[in-house]
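Heads up, the thing below is written out as structure tokens.
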Amino acid sequence: MTHQYHSETPQTSAREHGRIFFAAAWLLAFATPWDDMIILPGEIQLTRVLSLLVGALWIVSAAQRGRMRSPMRIHLFMAAFLAWSVLTYFWSVDPERTARRSLSYLQLMILAWVIYQSAESLSRYRSLLQACLLGNTVLVGFVFKAYIEGQLWGEGRYTANGVNPNDLAGSLAVGIPMAWWLLTTGSRAWWAVFNWLYMLAAASAIVLTGSRTGLLALIVAAIYPSIRLLKASWKVRFAALVLIAGGGFVLLEVSDTIAARRILTVLSQFEQRDFGGRASAWQLGYQVFQESPLLGLGAGTFSVATSSIYHIPIAAHNMFIEVAVESGGVGVAFFLMIVASAFSSRSPNPGFRRHLLFILLTWAAVGMASSWENKTITWLLLGLATHCPKTGTSRFALASIRPHRVGAWRTA
């Protein structure tokens, strides 16, 4: 009797490692929206640990496959921003906080890097977006649960356990351009239904959070589908009409809540130029920035630096002001270069560029009123923003990733 033994070929092993790495990256994208809900000992977020584990899997996968996507300009700016944040330790007003923030930036840049490496094809990019939307759905579910059970978070607002309602609303708003693009570029039937329902549920949950920042981000996010509806088929327009009608019904149901009434004060906040106390925080930030405009006061030290004047720790409520105070003109220049590189990401497909633009515009709208420079959702988006079908690869061997066909891209 003859026995045949089949050994695993290097190509098969490399593919398996690639699949395992992508599955881990998908899980990381799914967990990112609700990372504040699970805090490990030492006040460490789950996704920070996951990013390190996925980073280790990427090293194994890259070694097995013999290739990696080559770094882009944005990654060089990320490295420079991290290096400068570490350097601020030597003149920081609170070296311990600066050390922790620098370690946090390292973890976040690993997250951005592994997301970039995993989004090597259009199908995988789409899958990562869908994972992010599924993660946002977890937040939506907890907001509705809080509403049904009457669990309030200050000023009559509803949110998920451990999650700031403004951060939650911002994350949900960012998901709306994602959902629309996925919906209009060939999603399967069940995913199409999910993405339609996501947009309705996300808008409703944003109202329940009572977040005025979330409302402004929602308005920015809604511009993209509103413009594209003008060229959409009658089926899509009809579905959108049904969605709007459903949204109107939901708004009527929650219109008597304190959260809904709070969110409608956004116009008066603009008239008073107060923005929920943010204007005072911005002015204070500018005042502290003048103490060390070039070098900054140390990464992660905004609340410490301002407490000497304001007598209580406060947040900047603006990611650019916070980075400027902490890392000075040098650090904020590197951060602005990161943002500019994300906005200038190239793609041969106009539809892809449009959806990416509105994702980033929505993110920027949130960041102008929140300290999102140290949020995992920010670095997840920066990792996704670098996806491009013409992005090259570096190889330890001679082969290379086959370039994506431009013809495979569909417009949104």
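A few comments on the model shown:
- Criterion violated by residue 278 - all others in (1) among the charged types (D, E, K, R); (2) modelled with pLDDT under 95; (3) in contact with a Ser or Thr (Cβ under 6 Å, 6 or more places away or on another chain) satisfied: (3)
- Condition broken by residue 143, with the remaining ones in (1) crowded, with 24+ Cβ neighbours inside 10 Å; (2) closer than 30 Å to residue 123 by Cβ; (3) of a type in the set (A, V, I, L, M, F, W, C) satisfied: (2)
- Residue 8 meets the conditions (1) modelled with pLDDT under 95; (2) in a helix (DSSP H, G or I) in every case but one. The failed one is (2).
- Residues in the stretch 214-228 that are at pLDDT 90 or above and within 22 Å of residue 34 (Cβ to Cβ): 4 in all.
- Matching residues, the stretch 161-203, being surrounded by fewer than 24 Cβ atoms within 10 Å (Cβ to Cβ), aliphatic (A, V, I, L, M) and under 23 Å from residue 46 (Cβ atoms): 163
- Output for the stretch 287-339, where each listed residue is exposed (fewer than 15 other Cβ atoms within 10 Å of the Cβ), under 26 Å from the mean Cα position of the chain (by Cα) and farther than 21 Å from residue 166 by Cβ: 329
- Residue 152, sole failed condition from (1) within 22 Å of residue 381 (Cα to Cα); (2) among the aliphatic types (A, V, I, L, M); (3) surrounded by fewer than 23 Cβ atoms within 10 Å (Cβ to Cβ): (1)
- Candidates 249, 270 - the one that is out of contact with any helix residue (DSSP H, G or I) (no Cβ under 8 Å at 6 or more places or on another chain), more than 24 Å from residue 175 (Cα to Cα) and modelled with pLDDT under 75: 270
- Residue within the stretch 350-360 that is surrounded by fewer than 22 Cβ atoms within 10 Å (Cβ to Cβ) and modelled with pLDDT of 95 or more present: yes
- Yes/no for residue 141 being modelled with pLDDT of 95 or more, under 30 Å from residue 84 (Cβ atoms) and of a type outside the set (Asp, Glu): no
Condition check ((1) surrounded by 20 or more Cβ atoms within 10 Å (Cβ to Cβ); (2) assigned to a helix (DSSP H, G or I); (3) modelled with pLDDT of 90 or more) across all residues:
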position	(1), (2), (3)
50	yes, yes, yes
58	yes, yes, yes
61	yes, yes, no
85	yes, yes, yes
93	no, no, yes
99	no, yes, yes
102	yes, yes, yes
115	yes, yes, yes
132	yes, yes, yes
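- Condition check for residue 255: among the small types (Gly, Ala, Ser), at pLDDT below 70 and loosely packed, with under 14 Cβ neighbours inside 10 Å: yes
- Residues in the stretch 346-389 that are hydroxyl-bearing (Ser, Thr, Tyr) and outside any helix (DSSP H, G or I): 347, 370, 371, 386.
- Pick from the stretch 147-177, criterion of a type in the set (D, E, K, R) and assigned to a loop (DSSP other than H, G, I, E, B), ranking: nearest to residue 35 (Cα to Cα): 157
- Put simply, of 338, 314 the only residue that is at pLDDT 95 or above and in contact with a helix residue (DSSP H, G or I) (Cβ under 6 Å, 6 or more places away or on another chain) is 338.
The values are calculated or read from the model by the stated rules, or taken from the named source; none is laboratory data. In this text the structure is predicted, and so the values were computed from the model without any measurement. Heads up, the Cβs are rebuilt from the backbone with ideal geometry, glycines too, and the neighbour counts pull from every protein chain shown.
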